[in-house]
Amino acid sequence: MLEVKNIYKTFNPGTINEKIALNGLSLKLNEGDFVTVIGGNGAGKSTLLNAVAGVWPVDEGQIVIDGTDVTKLSEHKRAAYLGRVFQDPMTGTAATMGIEENLALARRRGTKRGLRKGITQQEREEYKELLKVLGLGLENRLTSKVGLLSGGQRQALTLLMATLKKPKLLLLDEHTAALDPKTASKVLEITDMIVNRDHLTTLMITHNMKDAIAHGNRLIMLMDGKVILDIQGEEKKKLTVKNLLDKFEQASGEEFSNDAAILG
Ligand SMILES: Nc1ncnc2c1ncn2[C@@H]1O[C@H](COP(=O)(O)OP(=O)(O)OP(=O)(O)O)[C@@H](O)[C@H]1O
Ligand SMILES: [Mg+2]
(Lines give C-alpha, C1' and ligand atoms only; values in the text may rest on other atoms or scores of the structure.)
(Ligands and ions follow the chains in the order given, each with its own letter.)
Protein backbone atom coordinates (compact mmCIF):
# COMPACT_ATOMS: atom_id res chain seq x y z
CA MET A 1 0.00 0.00 0.00
CA LEU A 2 2.93 2.30 0.73
CA GLU A 3 6.41 1.89 -0.62
CA VAL A 4 9.10 4.27 0.46
CA LYS A 5 12.28 3.52 -1.44
CA ASN A 6 15.60 4.84 -0.29
CA ILE A 7 14.55 8.42 0.41
CA TYR A 8 16.88 11.22 1.42
CA LYS A 9 16.09 14.66 2.76
CA THR A 10 18.60 17.26 3.89
CA PHE A 11 17.37 20.53 5.35
CA ASN A 12 19.38 23.72 4.77
CA PRO A 13 22.02 22.00 2.61
CA GLY A 14 25.38 23.69 2.38
CA THR A 15 24.78 25.90 5.43
CA ILE A 16 25.88 25.55 9.04
CA ASN A 17 22.32 24.43 9.77
CA GLU A 18 22.55 21.52 7.36
CA LYS A 19 20.65 18.54 8.71
CA ILE A 20 20.29 15.14 7.12
CA ALA A 21 16.80 14.25 8.33
CA LEU A 22 16.17 11.20 6.14
CA ASN A 23 19.16 9.12 5.23
CA GLY A 24 18.25 6.43 2.73
CA LEU A 25 15.06 5.37 4.45
CA SER A 26 13.09 2.46 3.00
CA LEU A 27 9.80 1.07 4.23
CA LYS A 28 7.10 -1.08 2.72
CA LEU A 29 3.63 -1.29 4.23
CA ASN A 30 1.16 -3.98 3.32
CA GLU A 31 -2.50 -3.22 3.00
CA GLY A 32 -4.04 -2.96 6.46
CA ASP A 33 -0.74 -2.62 8.29
CA PHE A 34 -1.08 -0.50 11.42
CA VAL A 35 2.46 0.59 12.15
CA THR A 36 3.53 2.47 15.26
CA VAL A 37 6.61 4.65 14.79
CA ILE A 38 8.99 5.47 17.62
CA GLY A 39 12.41 7.08 17.89
CA GLY A 40 14.14 9.85 19.81
CA ASN A 41 13.73 13.55 19.17
CA GLY A 42 14.98 14.45 15.72
CA ALA A 43 15.10 10.82 14.53
CA GLY A 44 13.12 11.78 11.42
CA LYS A 45 9.63 10.55 12.32
CA SER A 46 7.70 13.69 11.36
CA THR A 47 9.98 14.18 8.37
CA LEU A 48 9.04 10.71 7.12
CA LEU A 49 5.32 11.50 7.36
CA ASN A 50 5.86 14.89 5.72
CA ALA A 51 7.78 13.25 2.90
CA VAL A 52 4.93 10.80 2.32
CA ALA A 53 2.39 13.66 2.41
CA GLY A 54 4.49 15.71 -0.02
CA VAL A 55 4.99 18.76 2.19
CA TRP A 56 8.19 19.30 0.16
CA PRO A 57 9.95 17.11 -2.41
CA VAL A 58 12.48 14.52 -1.25
CA ASP A 59 16.06 14.88 -2.53
CA GLU A 60 16.28 11.28 -3.73
CA GLY A 61 14.23 8.11 -3.71
CA GLN A 62 10.70 7.17 -4.54
CA ILE A 63 7.31 7.10 -2.81
CA VAL A 64 4.55 4.85 -4.11
CA ILE A 65 1.03 4.86 -2.66
CA ASP A 66 -1.36 2.12 -3.73
CA GLY A 67 0.66 1.44 -6.88
CA THR A 68 0.89 5.09 -7.93
CA ASP A 69 4.25 6.82 -7.93
CA VAL A 70 3.49 10.04 -6.04
CA THR A 71 7.10 11.20 -5.66
CA LYS A 72 6.54 14.20 -7.90
CA LEU A 73 2.93 14.91 -6.98
CA SER A 74 2.12 18.07 -5.01
CA GLU A 75 0.87 17.90 -1.43
CA HIS A 76 -2.53 18.96 -2.68
CA LYS A 77 -2.76 16.08 -5.18
CA ARG A 78 -1.51 13.52 -2.68
CA ALA A 79 -4.13 14.62 -0.16
CA ALA A 80 -6.65 12.50 -2.06
CA TYR A 81 -4.85 9.38 -0.80
CA LEU A 82 -4.30 10.52 2.76
CA GLY A 83 -5.86 11.24 6.09
CA ARG A 84 -3.70 13.15 8.55
CA VAL A 85 -3.97 14.07 12.21
CA PHE A 86 -1.40 16.17 14.04
CA GLN A 87 -0.48 16.78 17.65
CA ASP A 88 -2.25 20.10 18.04
CA PRO A 89 -6.02 19.72 18.62
CA MET A 90 -6.44 23.24 17.22
CA THR A 91 -5.42 22.11 13.74
CA GLY A 92 -7.51 19.85 11.55
CA THR A 93 -10.91 21.33 12.40
CA ALA A 94 -12.48 24.76 11.84
CA ALA A 95 -13.19 26.27 15.28
CA THR A 96 -15.85 28.74 14.20
CA MET A 97 -17.89 26.13 12.34
CA GLY A 98 -20.27 23.55 13.72
CA ILE A 99 -19.51 19.84 14.12
CA GLU A 100 -21.77 18.90 11.20
CA GLU A 101 -20.26 21.61 9.00
CA ASN A 102 -16.78 20.30 9.71
CA LEU A 103 -17.87 16.78 8.82
CA ALA A 104 -19.58 18.06 5.68
CA LEU A 105 -16.38 19.81 4.61
CA ALA A 106 -14.49 16.56 5.09
CA ARG A 107 -17.15 14.72 3.11
CA ARG A 108 -16.85 17.25 0.22
CA ARG A 109 -13.06 17.25 0.21
CA GLY A 110 -11.69 16.88 -3.29
CA THR A 111 -15.04 17.67 -4.92
CA LYS A 112 -16.31 20.95 -6.31
CA ARG A 113 -19.38 20.81 -4.11
CA GLY A 114 -19.19 23.33 -1.29
CA LEU A 115 -21.35 23.93 1.76
CA ARG A 116 -23.48 26.54 0.01
CA LYS A 117 -26.30 24.15 -0.75
CA GLY A 118 -26.41 23.05 2.84
CA ILE A 119 -26.34 19.71 4.59
CA THR A 120 -29.04 17.18 3.76
CA GLN A 121 -31.06 15.36 6.38
CA GLN A 122 -29.61 12.09 5.14
CA GLU A 123 -26.10 13.40 5.66
CA ARG A 124 -27.02 14.56 9.13
CA GLU A 125 -28.22 11.06 10.02
CA GLU A 126 -24.97 9.61 8.70
CA TYR A 127 -22.90 12.04 10.79
CA LYS A 128 -24.95 11.22 13.88
CA GLU A 129 -24.21 7.52 13.42
CA LEU A 130 -20.49 8.20 12.94
CA LEU A 131 -20.35 10.43 16.01
CA LYS A 132 -22.29 7.97 18.15
CA VAL A 133 -19.53 5.41 17.74
CA LEU A 134 -17.07 7.78 19.44
CA GLY A 135 -19.05 7.49 22.66
CA LEU A 136 -18.56 11.17 23.50
CA GLY A 137 -22.14 12.36 23.08
CA LEU A 138 -21.22 14.55 20.13
CA GLU A 139 -24.13 13.15 18.10
CA ASN A 140 -26.42 15.41 20.14
CA ARG A 141 -24.35 18.51 19.46
CA LEU A 142 -24.30 18.60 15.67
CA THR A 143 -24.50 22.38 15.44
CA SER A 144 -22.15 23.16 18.35
CA LYS A 145 -19.13 25.19 17.32
CA VAL A 146 -16.01 23.04 17.30
CA GLY A 147 -14.15 25.77 19.22
CA LEU A 148 -16.26 24.86 22.25
CA LEU A 149 -15.09 21.24 22.34
CA SER A 150 -12.35 19.87 24.58
CA GLY A 151 -8.99 18.91 23.07
CA GLY A 152 -9.86 15.22 23.19
CA GLN A 153 -13.27 15.71 21.61
CA ARG A 154 -11.63 17.78 18.91
CA GLN A 155 -8.97 15.16 18.19
CA ALA A 156 -11.66 12.48 18.00
CA LEU A 157 -13.59 14.63 15.51
CA THR A 158 -10.43 15.32 13.51
CA LEU A 159 -9.84 11.57 13.36
CA LEU A 160 -13.37 11.04 12.10
CA MET A 161 -12.87 13.73 9.44
CA ALA A 162 -9.49 12.37 8.37
CA THR A 163 -10.97 8.90 7.88
CA LEU A 164 -14.40 9.84 6.52
CA LYS A 165 -13.41 9.04 2.95
CA LYS A 166 -11.46 5.92 3.87
CA PRO A 167 -8.01 7.13 2.85
CA LYS A 168 -5.44 4.75 1.37
CA LEU A 169 -3.14 5.80 4.16
CA LEU A 170 -3.71 7.34 7.58
CA LEU A 171 -0.85 9.42 9.01
CA LEU A 172 -0.96 10.20 12.73
CA ASP A 173 1.82 12.40 14.14
CA GLU A 174 1.64 12.16 17.94
CA HIS A 175 -2.05 12.90 17.75
CA THR A 176 -2.58 12.15 21.44
CA ALA A 177 0.55 13.82 22.84
CA ALA A 178 -1.19 17.06 23.81
CA LEU A 179 -3.98 15.29 25.73
CA ASP A 180 -4.14 14.25 29.37
CA PRO A 181 -3.45 10.51 29.85
CA LYS A 182 -7.08 9.48 30.24
CA THR A 183 -8.24 11.43 27.19
CA ALA A 184 -5.22 10.21 25.23
CA SER A 185 -6.13 6.61 25.91
CA LYS A 186 -9.74 7.24 24.88
CA VAL A 187 -8.59 8.80 21.58
CA LEU A 188 -6.22 5.86 21.04
CA GLU A 189 -9.12 3.50 21.66
CA ILE A 190 -11.15 5.37 19.03
CA THR A 191 -8.16 5.21 16.68
CA ASP A 192 -7.98 1.42 17.06
CA MET A 193 -11.70 1.12 16.48
CA ILE A 194 -11.71 3.17 13.26
CA VAL A 195 -8.50 1.65 11.86
CA ASN A 196 -9.75 -1.89 12.49
CA ARG A 197 -13.28 -1.21 11.27
CA ASP A 198 -12.11 0.32 7.99
CA HIS A 199 -8.90 -1.76 7.62
CA LEU A 200 -6.91 1.44 7.20
CA THR A 201 -3.21 1.26 6.46
CA THR A 202 -1.79 3.47 9.18
CA LEU A 203 1.45 5.07 10.35
CA MET A 204 1.15 6.33 13.92
CA ILE A 205 4.00 8.23 15.54
CA THR A 206 4.08 8.13 19.32
CA HIS A 207 6.54 9.09 22.00
CA ASN A 208 5.12 6.51 24.29
CA MET A 209 6.72 3.06 24.06
CA LYS A 210 3.88 1.36 25.86
CA ASP A 211 1.36 2.78 23.39
CA ALA A 212 3.61 1.79 20.49
CA ILE A 213 3.67 -1.77 21.82
CA ALA A 214 -0.04 -1.93 22.67
CA HIS A 215 -1.31 -0.66 19.32
CA GLY A 216 -0.94 -1.83 15.75
CA ASN A 217 0.44 -5.02 14.23
CA ARG A 218 3.88 -3.67 13.55
CA LEU A 219 6.37 -1.33 15.20
CA ILE A 220 9.28 0.50 13.63
CA MET A 221 11.99 2.52 15.29
CA LEU A 222 13.79 5.32 13.50
CA MET A 223 17.23 6.64 14.27
CA ASP A 224 19.26 9.15 12.29
CA GLY A 225 16.77 9.14 9.43
CA LYS A 226 16.62 5.38 8.96
CA VAL A 227 14.54 2.45 10.13
CA ILE A 228 16.65 0.57 12.68
CA LEU A 229 13.99 -1.81 13.99
CA ASP A 230 10.97 -3.39 12.33
CA ILE A 231 9.01 -5.75 14.54
CA GLN A 232 5.79 -7.48 13.47
CA GLY A 233 3.59 -10.55 13.85
CA GLU A 234 4.03 -12.76 16.90
CA GLU A 235 7.20 -10.95 17.86
CA LYS A 236 5.27 -7.69 18.09
CA LYS A 237 2.49 -9.30 20.12
CA LYS A 238 4.97 -10.59 22.72
CA LEU A 239 6.99 -7.40 22.87
CA THR A 240 7.73 -5.70 26.20
CA VAL A 241 9.41 -2.37 26.92
CA LYS A 242 12.45 -4.24 28.27
CA ASN A 243 12.61 -6.28 25.07
CA LEU A 244 12.37 -3.20 22.95
CA LEU A 245 15.19 -1.47 24.83
CA ASP A 246 17.39 -4.55 24.38
CA LYS A 247 16.61 -4.66 20.67
CA PHE A 248 17.35 -0.97 20.37
CA GLU A 249 20.75 -1.47 21.95
CA GLN A 250 21.53 -4.37 19.65
CA ALA A 251 20.42 -2.52 16.54
CA SER A 252 22.03 0.82 17.30
CA GLY A 253 25.13 -0.36 19.09
CA GLU A 254 24.35 2.28 21.67
CA GLU A 255 23.16 2.01 25.20
CA PHE A 256 19.68 3.39 25.57
CA SER A 257 20.10 6.80 27.12
CA ASN A 258 17.21 7.04 29.50
CA ASP A 259 15.30 9.27 27.13
CA ALA A 260 12.17 10.07 29.10
CA ALA A 261 10.56 11.33 25.94
CA ILE A 262 10.60 7.95 24.31
CA LEU A 263 9.64 5.97 27.38
CA GLY A 264 6.55 8.11 27.83
N1 LIG B 1 11.41 22.11 7.97
C2 LIG B 1 12.58 21.87 8.54
N3 LIG B 1 13.62 22.70 8.40
C4 LIG B 1 14.82 22.42 8.96
N5 LIG B 1 15.09 21.34 9.70
C6 LIG B 1 14.09 20.48 9.89
C7 LIG B 1 12.79 20.67 9.32
N8 LIG B 1 12.00 19.64 9.68
C9 LIG B 1 12.77 18.83 10.42
N10 LIG B 1 14.02 19.31 10.55
C11 LIG B 1 15.13 18.66 11.26
O12 LIG B 1 15.21 17.33 10.82
C13 LIG B 1 15.49 16.43 11.91
C14 LIG B 1 14.38 15.43 12.03
O15 LIG B 1 13.22 16.10 12.49
P16 LIG B 1 11.80 15.43 12.74
O17 LIG B 1 10.85 16.53 13.00
O18 LIG B 1 11.50 14.49 11.65
O19 LIG B 1 12.08 14.59 14.06
P20 LIG B 1 11.09 13.69 14.90
O21 LIG B 1 11.62 12.31 14.88
O22 LIG B 1 9.70 13.91 14.45
O23 LIG B 1 11.32 14.29 16.35
P24 LIG B 1 10.31 14.69 17.52
O25 LIG B 1 10.18 13.45 18.33
O26 LIG B 1 11.04 15.75 18.26
O27 LIG B 1 9.03 15.15 16.92
C28 LIG B 1 15.64 17.33 13.12
O29 LIG B 1 17.00 17.57 13.34
C30 LIG B 1 14.90 18.59 12.75
O31 LIG B 1 15.43 19.70 13.42
MG1 LIG C 1 8.00 14.83 15.27
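Annotation: of all residues in region 79-97 being part of a loop (DSSP other than H, G, I, E, B) and under 15 Å from the mean Cα position of the chain (by Cα), the one that is surrounded by the fewest Cβ atoms within 10 Å (Cβ to Cβ) is T91.
Residue count for region 35-68 satisfying the condition of being within 16 Å of ligand 2 (Cβ to nearest atom) and open to solvent by less than 40 Å² (accessible area, probe 1.4 Å): 16. Scoring H76 on the criteria (1) touching a residue at least 24 places away in the same chain (Cβ under 8 Å); (2) not in a loop (DSSP other than H, G, I, E, B) leaves a single failure, condition (1). Residue-level analysis places A156 among those that are touching a helix residue (DSSP H, G or I) at 6+ places or on another chain (Cβ under 6 Å), open to solvent by less than 30 Å² (accessible area, probe 1.4 Å) and not acidic (D, E). If the condition is being of a type in the set (S, T, N, Q) and either open to solvent by 60 Å² or more (accessible area, probe 1.4 Å) or within 13 Å of ligand 2 (Cβ to nearest atom) (or both), then region 17-34 contributes N17, S26, N30. Checking each residue in region 163-175 for being within 14 Å of ligand 1 (Cβ to nearest atom) and either assigned to a strand (DSSP E or B) or open to solvent by 20 Å² or more (accessible area, probe 1.4 Å) (or both) picks out L171, L172, D173, E174. Could you tell me whether any residue of region 143-163 is under 18 Å from the mean Cα position of the chain (by Cα) and within 16 Å of ligand 2 (Cβ to nearest atom)? No - not one qualifying residue is present in region 143-163. Scanning region 198-224 for residues that are farther than 26 Å from G67 by Cβ and either open to solvent by less than 10 Å² (accessible area, probe 1.4 Å) or within 16 Å of ligand 2 (Cβ to nearest atom) (or both) turns up T206, H207, N208, M209, D211, A212, M221, M223, D224.
Tell me, please, whether a residue that is over 25 Å from D66 (Cβ atoms), touching a Pro at 6+ places or on another chain (Cβ under 6 Å) and either β-branched (V, I, T) or away from ligand 1 (no atom under 16 Å from the Cβ) (or both) can be found in region 153-162. Spell out how you get there, then give the answer.
Residues of region 153-162 that are over 25 Å from D66 (Cβ atoms), as a first pass: 153-157.
Imposing the further condition that a residue be touching a Pro at 6+ places or on another chain (Cβ under 6 Å) reduces the set to 154-155.
Subset that is either β-branched (V, I, T) or away from ligand 1 (no atom under 16 Å from the Cβ) (or both): 154-155.
Looking through region 153-162, at least one residue is over 25 Å from D66 (Cβ atoms), touching a Pro at 6+ places or on another chain (Cβ under 6 Å) and either β-branched (V, I, T) or away from ligand 1 (no atom under 16 Å from the Cβ) (or both).
Residues that are under 22 Å from the mean Cα position of the chain (by Cα) and of a type in the set (A, V, I, L, M) were ranked within region 1-16; the one that is most open to solvent (accessible area, probe 1.4 Å) is M1. Examine region 56-70 for a residue that is β-branched (V, I, T), free of Cβ contacts under 8 Å to residues at least 24 places away in the same chain and part of a strand (DSSP E or B), and state whether such a residue exists. Checked against the condition, which is being β-branched (V, I, T), free of Cβ contacts under 8 Å to residues at least 24 places away in the same chain and part of a strand (DSSP E or B), region 56-70 yields at least one hit.
Just the residues that are part of a loop (DSSP other than H, G, I, E, B) and on the phi < 0 side of the Ramachandran plot, please, taken from region 29-48. Let's see the steps before the verdict.
In the first step, residues of region 29-48 are kept if they are part of a loop (DSSP other than H, G, I, E, B); the result is 30-33, 39-44.
Scanning region 29-48 gives N30, E31, D33, G40, N41, A43.
When E234 is tested against the conditions (1) over 19 Å from A80 (Cβ atoms); (2) crowded, with 23+ Cβ neighbours inside 10 Å; (3) of a type outside the set (K, R), the lone failure is (2). Of the candidates L103, L157, L164, the single residue that is touching a residue at least 60 places away in the same chain (Cβ under 8 Å) and touching a strand residue (DSSP E or B) at 6+ places or on another chain (Cβ under 9 Å) is L164. No other residue among I213, I231 is at pLDDT 95 or above, in a helix (DSSP H, G or I), more than 16 Å from ligand 1 (Cβ to nearest atom) and of a type in the set (V, I, T) apart from I213.
Among the residues of region 72-125 satisfying the criterion of being of a type in the set (S, T, N, Q) and under 21 Å from D173 (Cβ atoms), which is farthest from ligand 2 (Cβ to nearest atom)?
Filtering region 72-125 down to residues of a type in the set (S, T, N, Q) leaves 74, 87, 91, 93, 96, 102, 111, 120-122.
Filter again for under 21 Å from D173 (Cβ atoms), leaving 74, 87, 91, 93, 102.
On the way: S74: 22, Q87: 8, T91: 14, T93: 21, N102: 25 Å.
Within region 72-125, the match that is farthest from ligand 2 (Cβ to nearest atom) is N102.
The values are calculated or read from the model by the stated rules, or taken from the named source; none is laboratory data. Only a predicted model underlies this, so the values are computations on that prediction, with no experimental measurement involved. Positions of Cβ are generated from backbone atoms using ideal geometry, with glycine treated the same way; all protein chains shown enter the neighbour counts. Just so you know, the surface numbers come from the protein's heavy atoms only, side chains and all, with ligands and any DNA or RNA stripped out. Shrake-Rupley method; radii C 1.70, N 1.55, O 1.52, S 1.80 Å.
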